[in-house]
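Single-structure report; data block below.
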Amino acid sequence: MELGYLSDVWKGGIIPGTWIEGEPEKSFWTGTKVKGKRRLAISAFRCTECGYLELYANR
């Protein structure tokens, strides 16, 4: 497993969820620094019976 965090708002707009490597670092201008960090799109799967969610960040 690799440490990372989720981001779902980017430059004032709503985008599909993104996984960002490492620990979040605060930024005065953007809220969180992401420059130079690996980012992966998140795929989400939901059970239609119980609502259980699974998230995957594939390359």
Check: For ASN58, which of the numbered conditions (1) in a strand (DSSP E or B); (2) touching a residue at least 12 places away in the same chain (Cβ under 8 Å) fails to hold?
Finding: (1)
Checklist line | Selection count, the stretch 1-50, where residues are at positive phi, exposed (fewer than 10 other Cβ atoms within 10 Å of the Cβ) and either at pLDDT below 85 or in contact with a helix residue (DSSP H, G or I) (Cβ under 6 Å, 6 or more places away or on another chain) (or both) | finding: 2
Next item on the list: Go through the stretch 7-44 and give me each residue that's in contact with a Leu (Cβ under 8 Å, 6 or more places away or on another chain) and in a strand (DSSP E or B).
Entry: GLY17, THR18, TRP19, ILE20, GLU21, SER43, ALA44
Check: Does GLU21 qualify as being free of Cβ contacts under 8 Å to residues at least 60 places away in the same chain, under 15 Å from ARG59 (Cα atoms) and of a type in the set (D, E, K, R)?
Finding: yes
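The values are calculated or read from the model by the stated rules, or taken from the named source; none is laboratory data. The structure displayed is predicted, hence computed values, not measured ones. Cβ coordinates were reconstructed from backbone atoms using ideal geometry, including for glycine residues, and neighbour counts include every protein chain displayed.
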